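The values are calculated or read from the model by the stated rules, or taken from the named source; none is laboratory data. None of the values given here were measured: they were computed from a predicted structure. Backbone-built Cβ (ideal geometry, glycine too); neighbour counts: all protein chains shown. Calculation scope for accessible area: heavy atoms of the full protein, side chains included, ligands and nucleic acids excluded. Shrake-Rupley method; radii C 1.70, N 1.55, O 1.52, S 1.80 Å.
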Amino acid sequence: MVVLHHDIGTPDRLPFYDELARGCDVVLPHHPGYGRSPRPDWMRSARDLAVIYQGLLAELRIREPTLIGLGFGGWIAAEMATMAPTALHRLVLVGSMGIQPPEGDILDQALVNYIEYARAGFHDRAAFDRIYGHDPSVDQLEQWDICREMSFRIAWKPYMYSQTLPHLLRAVRAPALVVWGDDDRVVPRSAGEVFAKKLPKARLEIVKQCGHCVDMEKPAELAALIADFLR
């Protein structure tokens, strides 16, 4: 499995990753310009990221992977799927960005500070505190700021969606699982319904009492959904 993380970056270890690793090898890259990965100054779009990751799969000789895209990483995964419609084993999109919601708007992180944006991804504040602490470290605050700046560089106009992606999804041949938290305050559920409709072999699952970051708030439940999907 190749897991593509949120636009707020990711800790190196999470219970969700450990759950996935029980049954397969998990590759967890940090997006270029996010986390500790160097910033490519030339990069201007999420599709650029998708091309870079296609090159990584080729370099690592990973054939027919299961792609798991979380939030912003879901957008990248969806773009990758459209580039090679028959090359994936499975596609999993969790609270994915990349499509303009027909109802509601994707939360604009320019309108809130980066701490509140990260907190907005959780239904339960206690779940956020378990991952990042009640008072996140200075290093974490710096990482969020770096991630936000990179997001503005590559996903600003239009903000966090592609005007072409909905039309390209029809070519994807891999079975797809679309997962949404029922209290996603970052990406409206209506975007998930579009993904499920446009992808030819997709189903939509809703996780109750959960926000945008399903992987961090309900790791065991998400891992179980994915395991069932792969079976």
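Do you know which residues across region 167-184 are outside any loop (DSSP other than H, G, I, E, B) and surrounded by fewer than 19 Cβ atoms within 10 Å (Cβ to Cβ)?
HIS167, LEU168, ARG170, ALA171
For residues that are assigned to a loop (DSSP other than H, G, I, E, B) and over 19 Å from LYS157 (Cα atoms), tally how many sit in region 90-102.
1
Looking at (1) closer than 27 Å to ALA223 by Cβ; (2) of a type in the set (A, V, I, L, M, F, W, C); (3) at pLDDT 95 or above, which is the one condition that is false for ALA58?
Condition (1) is where ALA58 drops out.
Answer yes or no: is there a residue in region 41-63 that is over 20 Å from ILE106 (Cα atoms), open to solvent by less than 20 Å² (accessible area, probe 1.4 Å) and of a type in the set (Phe, Trp, Tyr).
Within region 41-63, one or more residues are over 20 Å from ILE106 (Cα atoms), open to solvent by less than 20 Å² (accessible area, probe 1.4 Å) and of a type in the set (Phe, Trp, Tyr).
Any idea which of (1) hydrophobic (A, V, I, L, M, F, W, C); (2) under 20 Å from PRO175 (Cα atoms); (3) free of Cβ contacts under 8 Å to residues at least 60 places away in the same chain; (4) in contact with a Phe, Trp or Tyr (Cβ under 7 Å, 6 or more places away or on another chain) is the one LEU28 doesn't satisfy?
Unmet condition: (2).
Keeping to region 185-211, report how many residues are over 15 Å from TYR161 (Cβ atoms) and in a loop (DSSP other than H, G, I, E, B).
Of the residues in region 185-211, 8 are over 15 Å from TYR161 (Cβ atoms) and in a loop (DSSP other than H, G, I, E, B).
Tell me yes or no: at least one residue of region 85-93 is within 23 Å of ALA223 (Cα to Cα), in contact with a His (Cβ under 9 Å, 6 or more places away or on another chain) and surrounded by 13 or more Cβ atoms within 10 Å (Cβ to Cβ).
no
Name every residue in region 105-122 that is among the acidic types (Asp, Glu) and either touching a Ser or Thr at 6+ places or on another chain (Cβ under 9 Å) or part of a helix (DSSP H, G or I) (or both), in order of residue number.
The one that is among the acidic types (Asp, Glu) and either touching a Ser or Thr at 6+ places or on another chain (Cβ under 9 Å) or part of a helix (DSSP H, G or I) (or both): GLU116.
Any idea which of (1) more than 17 Å from the chain's Cα centre (by Cα); (2) open to solvent by less than 10 Å² (accessible area, probe 1.4 Å) is the one GLY133 doesn't satisfy?
Exception for GLY133: condition (2).
I'd like to verify a number: residues in region 212-231 that are free of Cβ contacts under 8 Å to residues at least 60 places away in the same chain and either open to solvent by 60 Å² or more (accessible area, probe 1.4 Å) or not in a helix (DSSP H, G or I) (or both), how many?
Result for region 212-231: 4.
Quick one: count up the residues across region 136-165 that are in a helix (DSSP H, G or I) and surrounded by fewer than 10 Cβ atoms within 10 Å (Cβ to Cβ).
Counting residues in region 136-165 that are in a helix (DSSP H, G or I) and surrounded by fewer than 10 Cβ atoms within 10 Å (Cβ to Cβ) gives 2.
Just checking, how many residues over region 190-201 are crowded, with 18+ Cβ neighbours inside 10 Å and out of contact with any Leu (no Cβ under 7 Å at 6 or more places or on another chain)?
2
Wholly within region 1-89, which helices (runs of 4 or more DSSP H) include no fewer than the required count, namely at least 3 residues that are closer than 22 Å to TYR159 by Cβ?
46-60, 72-83
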